[in-house]
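Q: Please read through the structure below; I'll follow up with questions.
The values are calculated or read from the model by the stated rules, or taken from the named source; none is laboratory data. Source: prediction; values computed, not measured. Surface areas here come from the heavy atoms of the whole protein model, side chains and all, with no ligands, DNA or RNA. Shrake-Rupley method; radii C 1.70, N 1.55, O 1.52, S 1.80 Å.
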Amino acid sequence: MIVFGLVGAVIAWRFGAVRAVPDPGGLTVINYAASRRLVWAEIVTVRFGPNDPWVHLDLADGDVLAVMGIQRADGEHGMAEARRLVALIAELGEAAEPDRT
């Protein structure tokens, strides 16, 4: 019974830890099982289709990363956070031009 309670507590803690943390250098995505740090230039597009439970990021290397911290179940708040993420990528996501000296 104690082990079952501990497992339940760990699962609840992981569910509560899910988030996306933006900063000027990039985006840290913390999902249930893993976390990943992205620089803004790595993010190509943000997808949040009508049947998607959470935001998906298309990355420059061809990967797709789920951002479980921005969920459709959050209603308008989730949509606003997705729009904010799109704005941040547009503002900060441009790769720097190479130095051509």
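Q: Given 25 °C and 0.890 mPa s, how large is the Stokes-Einstein diffusion coefficient of segment 7-48 in µm²/s, with Rh as the Kirkwood radius over Cα pairs?
A: The diffusion coefficient I find is 212 µm²/s.
Q: Normalising by the residue count of segment 13-101, find the relative contact order in percent from Cα pairs under 8 Å and 6+ residues apart.
A: Over segment 13-101, the number comes to 24 percent.
Q: Ignoring solvent entirely, what values of log10 I(q)/I(0) come out of the Debye formula for segment 25-70 at 0.16, 0.25, 0.32 Å⁻¹ when each Cα is a single scatterer?
A: -0.40, -0.95, -1.30
Q: Work out from phi, with θ = phi - 60° and the Karplus expression 6.51 cos²θ - 1.76 cosθ + 1.60, the ³J(HN,Hα) of each residue of segment 54-71, listed in order in whole Hz, and give x for Gly and Pro.
A: 8, 5, 10, 9, 8, 9, 4, 7, x, 6, 10, 10, 7, 10, 6, x, 10, 10
Q: Report the percentage of all Cα-Cα pairs in segment 6-101 whose separation exceeds 22 Å, rounded to a whole percent.
A: Within segment 6-101, distances greater than 22 Å cover 32 percent of Cα pairs.
Q: Right, something else. For the chain, report the accessible area per residue in Å² (1.4 Å probe, heavy atoms, rounded to an integer).
A: 66
Q: Give me the accessible area of L85, 1.4 Å probe, in Å² rounded to the nearest 10.
A: 10
Q: Of the accessible area of the chain, with the probe set at 1.4 angstrom, what percent is carbon plus sulfur?
A: 62
Q: For the chain, take the longest principal axis of its alpha carbons; what is the angle in degrees between that and the long axis of helix 76-92, to the nearest 10 within 0 to 90?
A: It is inclined by approximately 30 degrees.
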